[in-house]
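Have a look at the structure below, then the notes.
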Amino acid sequence: MSDLPTAEEMLGNVKHRPPSTDWMDVPAEIRRGIACYAGNPKSLELLGHPNPRTWSCFDDDWQLPENWQQIIHEGFKERLEKFRSFKVFMDICVRCGACADKCHYFIGTGDPKNMPVLRAELLRSVYRNDFTRVGKLLGKINGARPMNYEVLKEWWSYLFQCSECRRCSLFCPYGIDTAEITIMGRELLNLLGLNIDWIVTPVANCYRTGNHLGIQPHAFKDMLDFFSDDLEEITGIRPEPQFNKKGADILFVTPSGDVFADPGTYTAMGYMMLFHFLQEKYGLDVTWSTYASEGGNFGFFTSHETMKRLNAKMYAEARRLGVKWILGGECGHMWRVIHQYMDTMNGPADFLEMPVNPITGTAFTNAASTKMVHIAEFTADLIKHGKLDLDPSRNDHLKVTFHDSCNPARGMGLFDEPRYVINKTCKHFYDMPENSIREQTFCCGSGSGLNAGEDMELRMAGGLPRASAVKTVRDRHGVNMMACVCAIDRAVLPDLMSYWVPEVDVTGVHELVGNALNLAGQHERTMNLRSEELAELQGTAEDTEGQTDE
Amino acid sequence: MGFEKQLAKKKDAIVKDWFDRVSGTYAPDTAQFLKNVQDPINNPIGQSLRTGLAGLFEQLLVGPDKEAVKTYLDPIVRIRAVQNLTPSQATAFIFVLKTVIRDHLKIELDDNRSVRSLFAFDSKIDSLSLYAFDLYMECREKIYDLKANVERSKVYHAFKRAGLVVEAPEDDPGL
Amino acid sequence: MNKRYILSLIAVVVLFLIAYLGVEAVPASKWLFGILIPYVALIVFVAGFIRRLLSWSRSAVPFAIPTTGGQQKSLKWIKPSTIDSPSSKSAVFIRMLLEIVTFRSLFRNTRMKLKEGRVTYQLEIFLWVGALAFHYAFFTVLFRHLRFFTHPTPLPVQLVENLDSFFRMEIMQDFIQIGVPGVYLSGLVLLAAVTYLFLRRIFIGNVKYISLASDYFPLFLIFGIAFTGIMMRYVLKTDVAAAKELTMGLVTFRWSIPGNVSSIFFVHLFFVSVLLAYFPFSKLMHLGGIFFSPTRNMRTDTRAVRHVNPWNYPVNVHTYEEYEDDFRDKMIEAGLPVDKMPEPQEASAEDEEPAAKPEEPEAGAADAATAPEEKE
């Protein structure tokens, strides 16, 4: 019995390290529950990515090419020249620690290597050794070390524990962006064929079928037809979405998650109602595309090149269909790509027109060059001009809060548009505490392709700060619904809520719009888009509210 | 009853010591962060420990009420269930209270009657610990449930609603 | 981890001994420490600094990736956050200026916490205050030292000197005995700030964890510089006129080593030289780097104005034509428009199609969606 630890020992020895162990001496562990499974070789082959093979990150041997260190070194060098961000961020960090406690993965896991500064040091340590003389000279004492298998495993582990949310970059006095460092690190890993399956297989699917889930065109249409059936039952009106229509006014692109996974599907129904309303009342001609049927871009989590390869479809399809401009659905990283990369990569979009909302006459001058408008901007403009017939009382049973998704927040600045739409479609809206919203928003814990199943512990831990903020407004205001403008959020936040704050459900902003929107000739609306009876929902809400507007 | 009064008197010191030792579960640099940052959103681990341990100790003193215990215990265990801890590590923090109490009541425990009270108190700690294990398992089962079902069934349900997977058996999400 | 600061400390002590013992033992080495090394250090500093800036500017800026810290400029009736989400050049200028002059991002750390008014949050504001105090004190000290390199001393330098020592009348009078030359607040603040920045690296767990030798070394060195400076001025009463003779000699290239310059002066000068020479190869280059940071120095109007990537290259894409070839029959069957109707000859190709994709069964959509989970 004596070799069994006491409770004290058990508690104290979790990390198996004395207090002064240098972080470089703590070996990297690839842990179940944290790590994601390795990429399927078929997907790598389809994309022409290097080193496709069947392997597992839990193996000792990762089956790397013999000259892998050289590949990393040269890839590193190339990227230092191609990306000033990378080079400057390698050089100027003073390790002041301002970012240390800003990362949701650090806050949730307590693992010190999840401090943004250390995540970057994983790469910097190799940079110092390979590219600076002082670093090489002083070695470990100055935080330099040569690339080896241990370091590579550490990279893998921690570069896939970063959701590229940029929260740390907001607090850094030099604007050092760990997302940028993670992006580069993942590019380097991909040179060796090291990617997680949850990223590379959606990428391969998207490349071939047009969307991450690998949904073929007829199935895409079937899904929307089915939503029409549902909407007909709910409203008495059957929207007829248009597909691949040449000469339409607007091409609409949204993440495929909205079409194929609950509760995003209800958001898709909201879009369909909106487009139907606009077509009937104002003659606006919107088309969906089965080719560009994915707004999201997991290529962004792989490499700049892969991102460009997937993103190219949006402009290509807009050109082929001859639309005037593009409207984008609710998605997070999709909007970072559109807002900061698309025009540069695949533009100029000179074959499109300056986006003008023909109904209100509003010119979206902020999208003058990229020619793509966010649906929250579009809908906010319509509501502001009184062009929608809204009855927010159908959302009265909801006490709504809003989760700012990282990418629209810190890579775009989309804050007030969705809040305006929510406020016009719902009676009860409560923001979460100031340090967890807007530019300071916390990640859902599953961004940047980490929304797999096998890393559930990481996702739950990473989402803890977000969940704590939700808990605050639930306790304070009885919030029961969290709205968001991101398909990954809609996919992962229900899991997060069911673990931490089970009373709170998740919705897209345009599901709220759909519920509030009156269609001409509709029958009495007794159900919401989820086909739940409003009377029942209102009844449960009355317990806390004591009034309805019906 | 003298013993529990003694405990109540030293409550703050005992709880603080308990908190410090549990924080020590984490890497030393993290532990300091857990102790120092007071905001429940920026430091949910530290805050749930702080309020949780104090509440649990209070409950042990008054004779635990299961519901009340749960409100304090659940947040702590729920966090530990998703961190890199073995089941024993995740729940060991409760037993540590025994050592803490012995450290703080060295003199009082020279008295036989106090020792008998200590045994009684110890068994309350034991039950608490068993309850913690129940909660821990509940959390782990939830995690496995999420891993196994939720992700795929979300997509599956959408397809099923659309009648695209009619061939699949009713209750089997097409594994 | 202790090793990291102890080695840095030892390095600085060794530097001290080299200069001090060198000058004491071999008087001729004063030429080395007083003239030659400062020149070499300055050349290394200037050349190294420029080289580093050039190397940064040679790296491309392929994408516009500003961090948006506030509401974008979109619809007319939504108020944009001009400074935190700057969409014009002038707004970027203000953002950068505030970043450089007030360390705005660092201050963001403390914003919310002040409201809560709890003691622990004060620790966080100390980083901002400490950093601000350190940099401003350093700058003031540096500026004051222009006195040693100009003749006559320019008015602005004199004004700063007066202002700097003016505070002492208000604050320090009680503590410092009259008779010392006017006490410069900046020197003391510098010493205090550098001490604080060091202590924080020792006592705050996670900052200690991430600190490297190259984080401690400049702190010790700057401490050494400030300390020797203060010693010379207030304790050892080094002959200022003689010191100025030497430094003016450096500027005018009429070198001289006045006999009555104390050894500690050479230590001071040597420390400064080491700092200068070390500067371009270290993290101290954040002085230049902040101007190059793409998350701060770029406009956020990225959808309104196209940013050009100098190395943009064509990539393989899956074209619509290829896509339609893959799925034409299914598209036709589902009533989706296609560009090219299948011709009779293509009927044979049509037959092959299902065989080409054996892994895609009819109800394959659900399988494809869950495919990533099937492994392991």
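The values are calculated or read from the model by the stated rules, or taken from the named source; none is laboratory data. Remember, it's a predicted structure, so these values are computed and weren't measured experimentally. Neighbour counts are summed over all protein chains in view; Cβ atoms, including those assigned to glycine, are modelled from backbone coordinates with ideal geometry.
On inspection, residue A:306 qualifies as crowded, with 24+ Cβ neighbours inside 10 Å and of a type in the set (Val, Ile, Thr). Just one of the listed residues (A:239, A:173) is of a type outside the set (Gly, Ala, Ser) and closer than 30 Å to residue A:534 by Cα, and it is A:239.
Here is a yes/no grid of residues against (1) assigned to a helix (DSSP H, G or I); (2) of a type in the set (A, V, I, L, M); (3) at pLDDT 95 or above; (4) not assigned by TED's automatic domain parsing to the domain that holds residue A:183:
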residue	(1), (2), (3), (4)
A:118	yes, yes, no, no
A:136	yes, no, no, no
A:147	no, yes, no, no
A:153	yes, no, no, no
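Results for (1) within 14 Å of chain A (Cβ to nearest Cβ); (2) among the polar types (S, T, N, Q); (3) within 17 Å of residue C:38 (Cα to Cα), shown as yes or no for each residue.
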| position | (1), (2), (3) |
| --- | --- |
| C:222 | yes, no, yes |
| C:228 | no, yes, yes |
| C:234 | no, no, no |
| C:240 | no, no, no |
| C:247 | no, yes, yes |
| C:267 | no, no, yes |
| C:284 | yes, no, no |
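Of all residues in segment B:100-141, how many are surrounded by fewer than 15 Cβ atoms within 10 Å (Cβ to Cβ), in contact (Cβ under 8 Å) with a residue 12 or more places away in the chain and more than 30 Å from residue B:85 (Cα to Cα)? The total comes to 1. Which residue pairs have Cβ atoms closer than 6 Å, lie 6 or more positions apart in sequence or on different chains, and pair a first residue in segment B:46-66 that is without any contact (Cβ under 8 Å) to a residue 12 or more places away in the chain with a second residue that is not β-branched (Val, Ile, Thr)? Here the result reads B:47/B:40, each pair linking segment B:46-66 to a residue that is not β-branched (Val, Ile, Thr).
The condition of being at the interface with another protein chain (Cβ under 7 Å from one of its Cβ atoms) and closer than 25 Å to residue A:311 by Cβ holds for residue C:320. Any chance you could count how many residues in segment A:161-175 are more than 9 Å from chain C (Cβ to nearest Cβ), farther than 23 Å from residue A:148 by Cβ and in a loop (DSSP other than H, G, I, E, B)? Of the residues in that region, 3 qualify.
Tell me which helices (runs of 4 or more DSSP H) are completely within segment A:203-294 and hold 2 or more residues being assigned by TED's automatic domain parsing to the domain that holds residue A:492 and aliphatic (A, V, I, L, M), or say none if there are none. Write out each step before concluding.
Values: elements: A:217-235, A:257-260, A:264-282.
Output list is empty.
Screening A:194, A:189 for residues that are away from every other protein chain (no Cβ under 11 Å) and not in a loop (DSSP other than H, G, I, E, B) leaves exactly one candidate, A:189.
Looking across segment C:33-56, the residues that are touching a residue at least 12 places away in the same chain (Cβ under 8 Å) and within 8 Å of chain A (Cβ to nearest Cβ) come down to C:52, C:56. Within segment C:25-65, the set of residues being aromatic (Phe, Trp, Tyr), in contact with a Phe, Trp or Tyr (Cβ under 9 Å, 6 or more places away or on another chain) and assigned to a helix (DSSP H, G or I) comprises C:31, C:33, C:45, C:49, C:56. Every test in (1) within 15 Å of residue B:8 (Cβ to Cβ); (2) within 13 Å of chain A (Cβ to nearest Cβ); (3) modelled with pLDDT under 90 is passed by residue B:62 save one, and that test is (2). Evaluated against (1) in contact with a strand residue (DSSP E or B) (Cβ under 7 Å, 6 or more places away or on another chain); (2) crowded, with 24+ Cβ neighbours inside 10 Å, residue A:297 falls short on exactly one condition, (1).
Okay, residues lined up against (1) within 22 Å of residue A:507 (Cα to Cα); (2) at pLDDT 95 or above; (3) surrounded by fewer than 24 Cβ atoms within 10 Å (Cβ to Cβ):
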| position | (1), (2), (3) |
| --- | --- |
| A:208 | no, no, yes |
| A:212 | yes, no, no |
| A:216 | no, no, no |
| A:226 | yes, no, yes |
| A:256 | yes, no, no |
| A:262 | yes, no, yes |
| A:278 | no, yes, yes |
| A:290 | no, no, no |
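Apart from one condition, residue B:92 fits all of (1) at pLDDT 90 or above; (2) within 17 Å of the chain's Cα centre (by Cα); the exception is (1). Residue pairs whose Cβ atoms lie under 8 Å apart, sitting 6 or more positions apart in sequence or on different chains, and linking a residue in segment C:75-91 that is at the interface with chain A (Cβ under 8 Å from one of its Cβ atoms) to a partner that is hydrophobic (A, V, I, L, M, F, W, C) and assigned to a helix (DSSP H, G or I), are C:75/A:380; C:78/A:380.
Pairs linking a residue in segment A:144-156 that is closer than 9 Å to residue A:122 by Cα to a residue that is hydroxyl-bearing (Ser, Thr, Tyr), with Cβ atoms under 9 Å and 6 or more positions apart or on different chains, are A:151/A:125. Checking A:132, A:182, A:178, A:201 one by one, the residue that is facing chain C (nearest Cβ under 10 Å) and either acidic (Asp, Glu) or within 25 Å of the chain's Cα centre (by Cα) (or both) is A:201 and no other. Taking segment A:375-426 as the range and being within 16 Å of the chain's Cα centre (by Cα), of a type outside the set (A, V, I, L, M, F, W, C) and at the interface with chain C (Cβ under 8 Å from one of its Cβ atoms) as the test, the residues that pass are A:410, A:411, A:413. Restricting to segment C:323-341, name every residue that is in contact with a strand residue (DSSP E or B) (Cβ under 7 Å, 6 or more places away or on another chain) and more than 7 Å from every other protein chain (Cβ to nearest Cβ). Within segment C:323-341, no residue meets the criteria. Only a single item in (1) of a type in the set (Gly, Ala, Ser); (2) modelled with pLDDT under 95; (3) buried (at least 24 other Cβ atoms within 10 Å of the Cβ); (4) under 16 Å from residue A:370 (Cα atoms) is not met by residue A:328, and it is number (2). Listed by position, the helices (runs of 4 or more DSSP H) inside segment A:1-93 whose residues that are modelled with pLDDT under 90 and either outside the structural domain of residue A:449 (by TED's automatic domain parsing) or surrounded by fewer than 20 Cβ atoms within 10 Å (Cβ to Cβ) (or both) number at least 2 are A:7-12.
Residues that are crowded, with 16+ Cβ neighbours inside 10 Å, more than 14 Å from chain A (Cβ to nearest Cβ), in contact (Cβ under 8 Å) with a residue 40 or more places away in the chain and not hydrophobic (A, V, I, L, M, F, W, C): does segment C:294-314 have at least one? Looking through segment C:294-314, none of the residues is crowded, with 16+ Cβ neighbours inside 10 Å, more than 14 Å from chain A (Cβ to nearest Cβ), in contact (Cβ under 8 Å) with a residue 40 or more places away in the chain and not hydrophobic (A, V, I, L, M, F, W, C). Against the numbered list (1) of a type outside the set (A, V, I, L, M, F, W, C); (2) in contact with a Pro (Cβ under 7 Å, 6 or more places away or on another chain); (3) more than 24 Å from residue C:29 (Cα to Cα), residue C:233 comes up short only at (3).
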